[in-house]
Every structure is written in structure tokens, then in C-alpha cells.
Amino acid sequence: MPTPRAKQPEQVVALAAILDRDLATLRREVEAYPDERDLWREIPGVANVGGTLVLHLTGNLQHYFGTRLAGTGYVRDRPAEFVRRNVPRSELLREIDAARAAVKAASTVVGTAQLAADFPETVAGSRVKTGDYLVHLTVHFAYHLGQLDYHRRVVCGRNISVDAVRPVELSSARPAGER
């Protein structure tokens with residue numbers, strides 16, 4: 001298991017804070033489905049249902065942040081993320097909590113040198129710098145989070161916000177009067 005460092009690079013702190021904020025939003029999205037069966041309701045022309053997106057996002061973070069960076073030992077089954085159905089809401093919420101823990105664990109061990117080094121796994125047949133890949137993973141998460149929000153609104157037939165992507169939850173947020 002990697003050893004925690006005293007002071008983490010600002011990029012790592014910021015990305016971890018964004019992902020933690022977005023994982024909190026993911027939890028609110030899952031909880032906002034009035035009937036948990038709606039998480040699995042298919043919409044013509046839409047490839048992934050809400051529950052699938054939750055499994056994919058949490059599996060992705062637990063693998064790349066948890067296993068590859070923090071050494072958590074999580075074993076990903078990516079194909080299962082797309083074929084499992086009717087996973088209870090309570091299990092989805094546990095997966096969100098586990099993903100939050102994986103991001104936090106990685107954020108305490110990734111240092112400046114590692115950000116500049118290649119990510120410890122080949123990605124889509126390519127080598128990429130760890131810092132670049134962490135940004136990619138954060139953007140990937142936000143992309144699918146938006147899909148989940150639209151899925152929920154369509155299947156529930158309600159245009160109700162869960163107050164997503166709150167700027168006040170960014171790591172640098174402070175009251176407007178402070179410098």
C-alpha cells in the first residue's frame with residue numbers, strides 16, 4: 001500500500017474535491033428516484049439506464065483511484081457493470097460510498113512526481129501521464145453524471161433538480177468577502 005504524503009499537489013486536492021462533490025451529487029440523484037425500479041427503466045434510444053451508470057462510475061473510480069493509485073485491492077468486473085440489473089438502491093449507495101473512499105485514499109498518496117509519470121496502467125492501448133488521466137476520469141464522471149440526471153428526469157417525468165455541481169463545494173471555495 002502506498003505511503004501517505006505530507007502535502008498533496010493542488011491538482012490532486014482539487015480533482016479529489018470535484019469528484020467528492022460529484023459523488024455526493026450521484027448519491028442525491030439515486031435517492032431522487034421515487035421508485036428504485038425506475039433506476040433500471042429503459043428509455044428507447046438511450047444506451048444506459050441510471051443503475052448501469054452508477055455501477056460504471058463507481059467501478060471506474062474504485063479501480064483507477066482505489067486499486068491502481070491507492071492499492072486498495074478492489075477487483076473490477078467492467079462487463080458486469082453494463083449487464084447487471086435490478087441492483088437494490090442500498091447497494092448502489094454503498095458503491096458510491098466505496099468510490100468516495102477510493103478517491104480519498106488516492107488523494108492522500110499521489111504526489112507531484114506521480115502526476116508527471118505515466119499512469120500505472122495502459123489505457124485504451126496508450127500510455128498517458130497520471131495527471132492527464134485524473135483530469136480525464138473527472139470529466140468522464142461528469143459526462144455520465146449528466147446522463148444519469150436526464151435519465152432520472154425522463155423516467156420520473158419531473159424536472160426536479162438535485163442541486164448538482166455546486167461551486168461552493170470546490171476545494172478553493174470560501175465566502176465572497178474573503179481573499
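Counted by Cβ distance under 9 Å from Leu93, the other residues give a net charge of -1, where Lys and Arg count +1 and Asp and Glu count -1.
Among the protein heavy atoms of region 1-137, carbon and sulfur supply 54% of the accessible surface, probe 1.4 Å, non-protein parts ignored. One compactness figure for region 57-160 is 1.19, namely its Cα radius of gyration divided by 2.2 N^0.38 Å.
For the residues Ala47, Ala102, Ala80, a GNM of the chain with alpha-carbon springs under 10 Å puts the largest fluctuation on Ala47.
Rounded to the nearest 500, the 222 nm mean residue ellipticity of the chain from helices alone is -17000 deg cm²/dmol, with -39,500 (n - 2.57) taken per DSSP H run of at least 4 residues.
The ellipsoid equivalent to the alpha-carbon distribution of region 105-147 has semi-axes of 20, 14, 8 angstrom, derived from the gyration tensor eigenvalues as √(5λ) and listed largest first.
Ligands, DNA and RNA are left out, and with a 1.4 angstrom probe the accessible area of the chain is 53 Å² per residue. Rg/Rh, computed from the Cα trace of region 38-117 with Rh as the Kirkwood radius, has the value 1.07.
A crude spin-label estimate for the pair Ala113 and Glu91, with each label 7 Å from Cα along the Cβ direction, gives 4.2 nm. Rg/Rh for region 1-137 stands at 1.00; both radii use Cα atoms, and Rh follows the Kirkwood definition. The local environment of Tyr33, defined by Cβ-Cβ distances under 13 Å, has a net charge of +2 under the rule Lys, Arg +1 and Asp, Glu -1.
The values are calculated or read from the model by the stated rules, or taken from the named source; none is laboratory data. Just so it is clear, the model here is predicted, and its values are computed rather than measured. Here the Cβ is made from the backbone with ideal geometry for all residues, glycine too, and neighbour counts use every protein chain on show. Note: areas computed on protein heavy atoms with side chains; ligands, DNA, RNA excluded. Shrake-Rupley method; radii C 1.70, N 1.55, O 1.52, S 1.80 Å.
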